[in-house]
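Below: one structure, written as structure tokens.
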Amino acid sequence: MPVLDLPLARAAHYRAAHRRAEAGLVGDLLKELGTRVLVVRGNRAAMAGQRVALFAPDDVAHLAVGTHLFLGEADGVAYLAAVLADTEAEPELDVDWAGLRTIDEPDLAQGLVVEAIALAQWHAVHTHCPRCGTRTEVTQGGWVRHCPADGTNQFPRTDPAVIMAITDADDRLLLARGTQWAPGRRSVLAGFVEPGEGLEQAVVRETMEEVDVVVDPDSVEYRGSQSWPLPASLMLGFRARASTTRLVRQEDEIAEADWFTRDEVATAVADGELGLPGRASIARSLIEEWYGGRLED
Ligand SMILES: [Zn+2]
């Protein structure tokens, strides 16, 4: 049973998938005064101050929209996302722009914005048919891309990745620094699930590949999941116990890796010597679950 309270896994709307096939759905909803529209530009959403901006359709009708997405419904209100066609041009809209690392909304807006950005990210890079290369057409309220040449449909993709809090027999936590990260920054290990592989196998394999540590497969325990659509990941969180402690880094991926006691983590964070992942990340939740409380940056 998942126990982590994950910031990007909150939602309070109904996706109403059965409505996606309605002919003219988006056009009809844009004519309804009660419809609300999020505006997405690249991987960011329009904000009204600290809140995700929810516009009436007329207020954003002047924007050059690439794709409209039907997000779903809540309390009788239909929600769309308007994904701007040009991420470079400055749209005529008096808003700020924020991404998923900083947006922290009540459940309804949070769920809508995660869905909107995730779907927009898929559209951004799946513009053509993978079979024949023809440019595909958006249908089904933004949930399908249809190839007019061979008739095939493409559906939104999300790529599973495992992320794992690995502990040793003394309950020390393994924290590593990726080669691209700033000095002092550390996190738990993570990696994509490979084709033909189960989640537990991915946890064991990635840990072996990155630091040469053996994980007991029977100890791998699911803790929760959340979308991380930058560009397309579903992060599946685990904890697991290592049966060896000697760390041999995969040098092209891991710059540093060490076992930490809780006191060492608390002291290093307080001294500013250890930078943990941001609060929106599942990594932060896994680390704080192991720690047994909130760690203040
Ligand atoms: Zn095709």
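The values are calculated or read from the model by the stated rules, or taken from the named source; none is laboratory data. Quick caveat: nothing in here was measured; it's all calculated off a predicted structure. We place every Cβ from the backbone using ideal geometry, glycine too, and count neighbours over all the protein chains shown. Areas reflect the complete protein model, heavy atoms only, side chains present, ligands, DNA and RNA absent. Shrake-Rupley method; radii C 1.70, N 1.55, O 1.52, S 1.80 Å.
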Check: What angle, in degrees between 0 and 90 and rounded to the nearest 10, separates the Cα long axis of helix 107-125 from the longest principal axis of the Cα atoms of the chain?
Finding: 80 degrees
Notebook entry, point to check: What residues have an amide H closer than 5 Å to that of Ala165, excluding those fewer than 5 places away on the same chain, when H is modeled at 1.01 Å from N in the peptide plane?
Noted result: Phe238, Arg239, Ala240
Checklist line | Sorted peptide list for 24-30, 154-160, criterion being average Cβ within 10 angstrom, highest first | finding: 24-30, 154-160
Next item on the list: Counting only DSSP beta bridges with both residues in the chain, tell me the antiparallel percent, nearest 5.
Entry: 75 percent
Next item on the list: Note down the relative contact order for the chain as a percent, whole number, built from C-alpha pairs under 8 angstrom at least six residues apart.
Entry: 19 percent
Next item on the list: In Å and from the alpha-carbon atoms only, list the Rg and Dmax of region 247-297.
Entry: 11.9, 33
Note to self: Can you tell me what share of the DSSP beta bridges in region 1-143 is antiparallel? A percent to the nearest 5 is fine.
What the structure shows: 80 percent
Check: Separation between the Ser243 and Ala48 pseudo-spin-labels, each 7 Å from Cα along Cα→Cβ, expressed in nm?
Finding: 5.8 nm
Item checked: Spin-label model distance (nm) - Leu33 vs Arg279, 7 Å beyond Cα toward Cβ -> 3.8 nm
Check: At a 1.4 Å probe, what is the % contribution of carbon and sulfur to the accessible area of the chain?
Finding: 48 percent
Next item on the list: Starting from 0 in steps of 10 Å, tell me what percent of the Cα-Cα pairs of the chain lands in each bin.
Entry: 6, 24, 29, 22, 15, 4, 0
Checklist line | With Cα atoms, 0 to 90° folded angle of helix 199-211 axis to the chain main axis | finding: 60 degrees
Checklist line | Debye-sum result for region 1-116 in log10 I(q)/I(0), which assumes one identical scatterer on each alpha carbon, at q = 0.20 Å⁻¹ | finding: -1.11
Margin query: 7 Å from Cα along Cα→Cβ at both His62 and Trp97: what's the point-to-point distance in nm?
Written below: 1.8 nm
Check: Where does the chain land at 222 nm, in deg cm²/dmol rounded to the nearest 500, when only DSSP H runs of n ≥ 4 count, each adding -39500 (n - 2.57), divided by all residues?
Finding: -6000 deg cm²/dmol
Next item on the list: Using the heavy atoms of the protein chains and a 1.4 angstrom probe, tell me the accessible area per residue for the chain in square angstrom.
Entry: 49 Å²
Next item on the list: For helix 282-291, report the angle its Cα long axis makes with the longest principal axis of the Cα atoms of the chain; keep it between 0 and 90° and round to the nearest 10°.
Entry: 30 degrees
Next item on the list: Quick one: net charge around Thr152, please, counting Lys, Arg +1 and Asp, Glu -1 for every other residue with C-beta under 12 Å from its C-beta.
Entry: 0
